[in-house]
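Have a look at the structure below before the remarks.
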Amino acid sequence: MTVTVFCILLFAALLHASWNAIVKAGSDKLYSAICVSGSAALIALVMLPFSPQPSLASVPYLAVSCLLQVVYTVLVAKTYQVSDMSQTYPLMRGTAPLLVALISVLLLGDTLSTFAWLGIAVICLSILAMACNGRHSSTRGIWLALLNSCFIAGYTLVDGTGVRLAGSAFGYTLWTFFMNGFCLLAWAMFARRREVSHYLVNNWKKGLPGGIGTMGSYGLALWAMTQAPLAVVAALRETSILFGALLAFLMLKEKVAGLRIVAACGIAAGAILLRLS
């Protein structure tokens, strides 16, 4: 992996942790997630006429990805309603790269070096250690996080294949966020129009930076998937846990200490191994 791809993925990780913190800090987690996704959809709509369009071969992948990511967004909100971000965020993100690595190698033909496998393992184990050090007050939150990891792995694999066929990572990203946000907003307006409209009017200033964060984070990751193996990108992107733990401590006043500090060092070590792969 080149230094450029490595640094871009670290920046994408920071953006990813930031929009998750915005959702967690919202007074209603589901409406906050919808606000962020709706903002991203609006930004994508404005930019689409000026972007190269993805190829027709990528359209089925866009459709499947949209379904998976809408469910993922709702599950993120539900998870944060019942548990700490500092526990469930690592659990969600730490399990998914292992699934991506196994499936991409066994079914999609990707190959990984020894350093890459070692780096992925160190990052995932460190992330899971960080999650296990949290308060286990919500069994439901833990199960929701594990379920969501399957959806994360699913849309990562689908989009990793789709963006390689698209011919334009930028165009594929814009269509992804337009479709995801539109579907979430359409459902919200149909099911809870009054409540959602009130929340959006009062919180759009928070949703806008969240929309920029989520689009920038995943867009950069999609581009990186055209430059490096899916499993390596997926694992390195999860260095967002470092930024997530810091934001949870500074913004959400959640305790981050003990084993989590050791785990953070492990994540950094895994990132170095991936850089060497």
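The values are calculated or read from the model by the stated rules, or taken from the named source; none is laboratory data. Bear in mind that the values here come from a model prediction, so they are computed numbers and not experimental data. Ideal geometry is used to build each Cβ from the backbone, glycine not excepted, and the neighbour counts take in all protein chains shown. Note: accessible area is taken over every heavy atom of the protein model, side chains too, but ligands, DNA and RNA are not part of it. Shrake-Rupley method; radii C 1.70, N 1.55, O 1.52, S 1.80 Å.
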Revision key, fill the gap. Only unsatisfied item for Leu146, checking (1) surrounded by fewer than 18 Cβ atoms within 10 Å (Cβ to Cβ); (2) within 18 Å of the chain's Cα centre (by Cα); (3) more than 22 Å from Val23 (Cα to Cα), is (3)
Review point. Can you tell me which residues in segment 216-237 are among the polar types (S, T, N, Q) and part of a helix (DSSP H, G or I)?
Key: Ser217
**Study point:** Enumeration of residues in segment 86-130 that are more than 15 Å from the chain's Cα centre (by Cα), within 19 Å of Ala269 (Cα to Cα) and of a type in the set (Val, Ile, Thr)
**Key:** Thr114, Ile120, Val122, Ile123
**Study point:** Output for segment 217-252, where each listed residue is open to solvent by 20 Å² or more (accessible area, probe 1.4 Å) and modelled with pLDDT of 80 or more
**Key:** Leu220, Trp223, Thr226, Gln227, Pro229
Exercise for review: Examine segment 26-44 for a residue that is free of Cβ contacts under 8 Å to residues at least 12 places away in the same chain, more than 17 Å from the chain's Cα centre (by Cα), closer than 17 Å to Gly213 by Cα and open to solvent by 20 Å² or more (accessible area, probe 1.4 Å), and state whether such a residue exists.
Suggested key: no
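This table checks each residue for (1) buried (at least 24 other Cβ atoms within 10 Å of the Cβ); (2) touching a residue at least 24 places away in the same chain (Cβ under 8 Å).
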| position | (1), (2) |
| --- | --- |
| Ser51 | no, yes |
| Leu56 | no, no |
| Leu62 | no, yes |
| Tyr72 | no, yes |
| Val82 | no, yes |
| Pro90 | yes, yes |
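To keep it simple, each residue is scored yes or no on (1) hydroxyl-bearing (Ser, Thr, Tyr); (2) in a helix (DSSP H, G or I); (3) at pLDDT 90 or above; (4) touching a Lys or Arg at 6+ places or on another chain (Cβ under 8 Å).
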residue	(1), (2), (3), (4)
Met1	no, no, no, yes
Phe6	no, yes, no, yes
Leu9	no, yes, no, yes
Leu14	no, yes, no, no
Ala17	no, yes, no, no
Ile22	no, yes, no, yes
Leu30	no, yes, no, yes
Pro52	no, no, yes, no
Cys66	no, yes, yes, no
Check your understanding: Ser104: open to solvent by less than 10 Å² (accessible area, probe 1.4 Å) and in contact with a Pro (Cβ under 9 Å, 6 or more places away or on another chain), yes or no?
Key -> yes
